[in-house]
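The values are calculated or read from the model by the stated rules, or taken from the named source; none is laboratory data. Since this is a predicted model, take the numbers as computed values, not measurements. For neighbour counting, all protein chains shown are included, and Cβ atoms are generated from backbone atoms with ideal geometry for every residue, glycine included. The protein model used for the area step is the full one, side chains on, heavy atoms only, and it has no ligands, DNA or RNA in it. Shrake-Rupley method; radii C 1.70, N 1.55, O 1.52, S 1.80 Å.
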Amino acid sequence: INKNFHVKDSIKNSVYSIEHIFPRCMLNKKDYNDMHNTIRTLNNLNVNRSNYKYTDDLTHDKNWLKLDFDNYVNHKLKLFIPNQISRGFISRAILYMSMEYNYNPHKVIDKNVLLQWFFTYPPEKTEKHHNEVISKLQNKNNVFISNYNKKTKQLLKYLEEL
């Protein structure tokens, strides 16, 4: 979400919602509330994203619909293209959920896209802060954020095995 986008308090609940990066319908109920998998977004984006697979390729079909903030959806193919600002965060949330809870990332994103986003869009200050706050609240750290610059052998091995 654009940092300059502000909404009156009286209508915030109708404008904002919590997006599950790894769709709730693919999670065990006990994993719904892991904050590493959630982000505040616009309700319209959340509704349009549904539980569609992430991609970054507009060329396969003519049914793409441009949404707010350079996001795209294709309801016919059930695909969603997030804006570039969100791609790194999305990749690290998916990797975290896959590693932490043994979910299959290929259900929500192709491996090549996942790895491209992970390496192309490094964590920014706000994402690192997000990770630190959540680590304190739920005692779980997203190592794909905190160890990003180290790219430890364990992380690289996990990425290779996907």
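A few points about this structure:
Rundown of residues vs (1) open to solvent by less than 30 Å² (accessible area, probe 1.4 Å); (2) at pLDDT below 90; (3) acidic (D, E), yes/no style:
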| residue | (1), (2), (3) |
| --- | --- |
| K3 | no, yes, no |
| D9 | no, yes, yes |
| S14 | no, yes, no |
| S17 | yes, yes, no |
| F22 | yes, no, no |
| K29 | no, no, no |
| N43 | no, yes, no |
| V47 | no, yes, no |
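- For D56, the conditions (1) under 29 Å from E161 (Cβ atoms); (2) open to solvent by less than 60 Å² (accessible area, probe 1.4 Å); (3) modelled with pLDDT of 95 or more are fulfilled apart from (3).
- Sub-8 Å Cβ pairs linking a first residue in the stretch 34-51 that is more than 23 Å from V133 (Cβ to Cβ) to a second residue that is in a helix (DSSP H, G or I) and of a type in the set (D, E, K, R), at least 6 apart or interchain, are N44/D68; N51/R24, ordered by first then second residue.
- Single condition L162 does not satisfy, out of (1) in contact with a helix residue (DSSP H, G or I) (Cβ under 6 Å, 6 or more places away or on another chain); (2) crowded, with 19+ Cβ neighbours inside 10 Å: (2)
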